[in-house]
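Novice: My questions will all concern the structure given below.
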Amino acid sequence: MKLVIGYLYGDLMNIYGDTGNIIALKKRAQWRGIEVVVKNISLGDKLYTSDVSSKPDIYFFGGGQDQQQELVSRDLVLSIKGKVIKQEVEKGVPLLSVCGGYQLLGEYYKPHKGPKLPGIGLFPTYTVASFDRMIGNIVIESQFGKLVGFENHSGKTHLKKGALPFGMVLKGFGNNGADKTEGCMYKNAIGCYMHGSLLPKNPKLADWLLRKALETKYGKEIELESLDDSLELQAHQKALARFS
Ligand code: GLN
């Protein structure tokens, strides 16, 4: 099997170790004998060419500061990339987005200075920069069990009616430090504030994303061979013990 990972704006949106999510997805697939191609997709790039084999089977969109978000928002919304990403998610293609990337997949992100940055409206959410810096370790309860990460954002994200949170905050701030929700989930797309990077310490989530990507691509149930996750689970447990 072959997996194409679409790395959205990795040259601009990659802070607090977010590229570690690409490494985790790549290695966990390769350890199972799956061929992996990482496609960097940035300003002015097409998501994929007419050669369908170059079409991403999963997308990752990391965090970034306001100035990068302004550039990326324009590119996402003015090009057809935003529309195509939504179409792919509708088909079941999985996507993981963190912080600045997550914010641009909602309806808009209003930075401290300047006008609202339009998002693509994949998630029924909107974000407004605040004067609170929400920074620190975060633990949430989710459909994948407890997940651990690190957050650093001023943006407060609000879920609109019908939006499904990715999880509920046990420790930390989450979407806005008030309603105890963290992130948003729509079909197999996840938005969250969990840097860290998220996937190396949460192998169950990493494998869920891989499985969804392969099942959507090959149109059948896929059982991933189990890996020795002793190191990953040790890191997970340590973080849980220290930050819960
Ligand atoms: N600029 C956004 C905020 O501070 C996103 C920052 C990030 O990606 N960590 O909320």
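Novice: Would you mind telling me which numbered condition in (1) over 18 Å from Thr216 (Cβ atoms); (2) open to solvent by 40 Å² or more (accessible area, probe 1.4 Å); (3) not hydroxyl-bearing (Ser, Thr, Tyr) Leu76 fails?
Specialist: (2)
Novice: Considering only residues that are buried (at least 24 other Cβ atoms within 10 Å of the Cβ) and more than 10 Å from the ligand (Cβ to nearest atom), look in segment 99-118 and name the one that is farthest from Val89 (Cα to Cα).
Specialist: So, considering only residues that are buried (at least 24 other Cβ atoms within 10 Å of the Cβ) and more than 10 Å from the ligand (Cβ to nearest atom), the one farthest from Val89 (Cα to Cα) is Gly106.
Novice: Which of the residues spanning segment 32-70 are near the ligand (Cβ under 10 Å from one of its atoms), assigned to a loop (DSSP other than H, G, I, E, B) and surrounded by fewer than 17 Cβ atoms within 10 Å (Cβ to Cβ)?
Specialist: Gln65
Novice: What residue, of Ile190, Ile222, Ile140, is at pLDDT 95 or above, open to solvent by less than 40 Å² (accessible area, probe 1.4 Å), part of a loop (DSSP other than H, G, I, E, B) and more than 13 Å from the ligand (Cβ to nearest atom)?
Specialist: Numbers: Ile190 fails: part of a loop (DSSP other than H, G, I, E, B); Ile140 fails: part of a loop (DSSP other than H, G, I, E, B).
Exactly one of Ile190, Ile222, Ile140 is at pLDDT 95 or above, open to solvent by less than 40 Å² (accessible area, probe 1.4 Å), part of a loop (DSSP other than H, G, I, E, B) and more than 13 Å from the ligand (Cβ to nearest atom), namely Ile222.
Novice: Among the numbered criteria (1) modelled with pLDDT of 95 or more; (2) open to solvent by 20 Å² or more (accessible area, probe 1.4 Å); (3) over 19 Å from Glu182 (Cβ atoms); (4) out of contact with any Leu (no Cβ under 7 Å at 6 or more places or on another chain), which single criterion is violated by Gly92?
Specialist: The one condition Gly92 does not meet is (2).
Novice: Which residue pairs have Cβ atoms closer than 6 Å, lie 6 or more positions apart in sequence or on different chains, and pair a first residue in segment 17-42 that is free of Cβ contacts under 8 Å to residues at least 12 places away in the same chain with a second residue that is open to solvent by 10 Å² or more (accessible area, probe 1.4 Å)?
Specialist: Hits for this filter: Gln30/Val36.
Novice: Moving to a separate point now. Which residues, counting only those in segment 119-137, are β-branched (Val, Ile, Thr), touching a His at 6+ places or on another chain (Cβ under 8 Å) and more than 10 Å from the ligand (Cβ to nearest atom)?
Specialist: The one that is β-branched (Val, Ile, Thr), touching a His at 6+ places or on another chain (Cβ under 8 Å) and more than 10 Å from the ligand (Cβ to nearest atom): Thr125.
Novice: Here's something else I'd like to know. Among the residues of segment 150-173, count how many are over 14 Å from the mean Cα position of the chain (by Cα) and within 14 Å of the ligand (Cβ to nearest atom). Give the steps one after another, and end with the answer.
Specialist: Of all residues in segment 150-173, those over 14 Å from the mean Cα position of the chain (by Cα) come to 152-164, 168-173.
Right, trim to within 14 Å of the ligand (Cβ to nearest atom) and you get 152-158, 172-173.
Going through segment 150-173 one residue at a time, the tally reaches 9.
The values are calculated or read from the model by the stated rules, or taken from the named source; none is laboratory data. Because the structure is a prediction, the values reported are computed rather than measured. Cβ: placed from backbone, ideal geometry, glycine included. Neighbour counts: every protein chain shown. Accessible surface areas use protein heavy atoms only, side chains included; no ligands, DNA or RNA. Shrake-Rupley method; radii C 1.70, N 1.55, O 1.52, S 1.80 Å.
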